[in-house]
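To start, the structure itself, in structure tokens.
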Amino acid sequence: MRIRDDKVVGITNCNKTESGQIITTRRKCLNEQKDKTISYRAENVIGTGSFGVGVVFEAKCMETGEQVAIKKVLQDKRYKNRELQIMRMLEHPNVVELKHSFFSTTTTHTVKELYLNLVLEYVPETIYRASRHFTKMNLHMPLIYVQLYTYQICRAMNYLHGAVGVCHRDIKPQNILVNTITHELKICDFGSAKMLVPGEPNISYICSRYYRAPELIFGSTEYTTAIDMWSVEPIFPGESSVDQLVEIIKILGTPTREEIKNMNPRYNEFRFPQIKTQPWHKIFHREVTAEAMDLASRLLQYSPNLRCTALEACAHPFFDDLRDPRACLPNGGPLPRLFDFTAQELCGASVELRHRLIPEHVRESVGLF
Ligand SMILES: Nc1ncnc2c1ncn2[C@@H]1O[C@H](COP(=O)(O)OP(=O)(O)OP(=O)(O)O)[C@@H](O)[C@H]1O
């Protein structure tokens, strides 16, 4: 965990984020006497927030030529921005890097509004678009990519949950960035993320449909980081919360009283149609391997306390192909960094688990034994 050394200084006046517009701001660095001027040239818009309060645009840093993404969000002057507070603590190969942040103002019809700008490393694709590319061609994503992406999501979740104590609360393909050349993956959008404190309630109306853990659908306010692990395996389509639950029940069967208690001890409505559990091989298409189904079944557990943790997921046999010393990308290129775990990431892991996680051929370079 780290606290970034740059401080937000000054407020930049910029009314629009139009292509070609230059945004000039200042940055204070701890080991330098004077503030540095940094200018960004806005390029195209790459995302608009669903609540209409933000925009993400591609930009180029004029001083370094570096490509960045700037997420500009309306800032309520009464509060600190939680997304910024959390992002400043994060440093991991599978989490998008916050390079810098600054405030700017916009004046529309004499109303002056304050915006927070998060300057992020730019990653060209999302898992959403990458998987749509295969679906459009009537193809399944090749297994090696499914393994690489799922593994890196789990590694990021282990870092967030275990090392930092943050729950992302909006894991979905649109918030998972991927470089389709190196196949490095980065989690973005910490706009819903929160440090969960045991015993303190949290809102249950978070996380996007399809990816919502059943305890959220049951209205739990005492959920854990296990909600993110459910979202890693999103296979249930549904139009509303109720539909979503019906889809889940159709596959996992009706939850038992014990499972309902584990999801939300305050929930006392037990009238559900009695549906039997479906065997996993009937749910997935023929090419899905036994290991993949086993991992899915461990993630899609009603009881959050029985759901696989992120580190257990990383060690799962589904990822053994990645740990093979001969493993490489389909074009023969090297795999992205997968095993350079820090002591923080492996905190609490047994020697046996460490051995599973760090394959023998890289053990010397990692040195955590
Ligand atoms: N660092 C980045 N590099 C490239 N694209 C990015 C980056 N960060 C975000 N994006 C793109 O912008 C989109 C929106 O980003 P983000 O989810 O952080 O914003 P948001 O306002 O929270 O959006 P929403 O409300 O839809 O979740 C992402 O889905 C992604 O396509």
Subject >> Whether the chain is rounded, prolate or oblate, judged on the alpha carbon gyration tensor where a/c under 1.5 counts as rounded >> reply: prolate
Original post:
What FRET efficiency, computed as 1/(1 + (r/R0)^6) with R0 = 22 Å and r the Cβ-Cβ distance, is obtained for residue 180 and residue 291, rounded to the nearest 0.05?
Top reply: 0.35
Subject >> Packing-based ranking, highest mean first, of 279-290, 302-313, 251-262 given that Cβ atoms within 10 Å are counted >> reply: 302-313, 251-262, 279-290
**OP:** May I ask for the equivalent-ellipsoid semi-axes of segment 267-369, computed as the square root of five times each C-alpha gyration tensor eigenvalue and listed largest first in whole Å?
**Re:** 33, 20, 9
**OP:** Using label points projected 7 Å from each Cα along Cα→Cβ, tell me how many nm separate residue 35 and residue 351, to one decimal.
**Re:** 5.5
**OP:** Determine ³J(HN,Hα), in whole Hz, for all residues of segment 143-153 in sequence, where each value follows from phi through the Karplus function 6.51 cos²θ - 1.76 cosθ + 1.60 and θ = phi - 60°; x replaces Gly and Pro.
**Re:** 3, 4, 6, 4, 5, 4, 6, 5, 4, 5, 5
Subject >> Kirkwood hydrodynamic radius over Cα pairs of segment 56-191, then Stokes diffusion coefficient at 4 °C and 1.567 mPa s, in µm²/s >> reply: 79
Subject >> Cβ-placed point charges (K, R +1; D, E -1), dipole of segment 125-366 about Cα centre in debye, nearest 20 >> reply: 440
Original post:
What is the diffusion coefficient of segment 39-121 in µm²/s, taking the Kirkwood radius over Cα pairs and the Stokes-Einstein relation at 20 °C with a viscosity of 1.002 mPa s?
Top reply: 157
Original post:
chymotrypsin sites (Phe, Trp or Tyr not before Pro), restricted to segment 22-124: which are DSSP loop and have at most 15 other Cβ atoms within 10 Å?
Top reply: 51, 79
**OP:** Restrict the search to segment 321-369; then list the trypsin sites (Lys or Arg not before Pro) that DSSP places in a loop and that have at most 16 other Cβ atoms within 10 Å of their Cβ.
**Re:** 326, 337
Subject >> Three-way shape label, segment 169-249, alpha-carbon gyration tensor, a/c 1.5 >> reply: oblate
**OP:** Of the options 162, 141, 198, report the single residue whose Cα projects farthest towards the positive end of the charge dipole of the chain (beta-carbon charges: Lys, Arg +1; Asp, Glu -1).
**Re:** 198
**OP:** Might you report the magnitude of the Cβ-based charge dipole of segment 78-137 about its Cα centre, with Lys and Arg at +1 and Asp and Glu at -1, to the nearest 20 debye?
**Re:** 220
Original post:
Dipole magnitude of segment 250-307 about its Cα centre, charges +1 at Lys/Arg Cβ and -1 at Asp/Glu Cβ only, in debye to the nearest 20?
Top reply: 240
**OP:** Go through 120, 106, 229 and say which Cα lies farthest out towards the positive end of the charge dipole of the chain; charges sit on Cβ, +1 for Lys and Arg, -1 for Asp and Glu.
**Re:** 106
Original post:
Points 7 angstrom from Cα along the Cβ direction at residue 28 and residue 306: gap in nanometres?
Top reply: 5.3
Original post:
To the nearest 10 degrees, how steeply does helix 241-252 sit against the main Cα axis of the chain, on a 0 to 90 scale?
Top reply: 40
Subject >> Positive minus negative residues near residue 288 (Lys, Arg vs Asp, Glu; Cβ under 15 Å) >> reply: -2
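Every number in this text was worked out from the coordinates using simple rules, so none of it is lab data. On a predicted model such as this, the values are computed, not experimentally measured, just so you know. With ideal geometry, Cβ positions are generated from the backbone for all residues, glycine too; neighbour counts draw on all protein chains shown.
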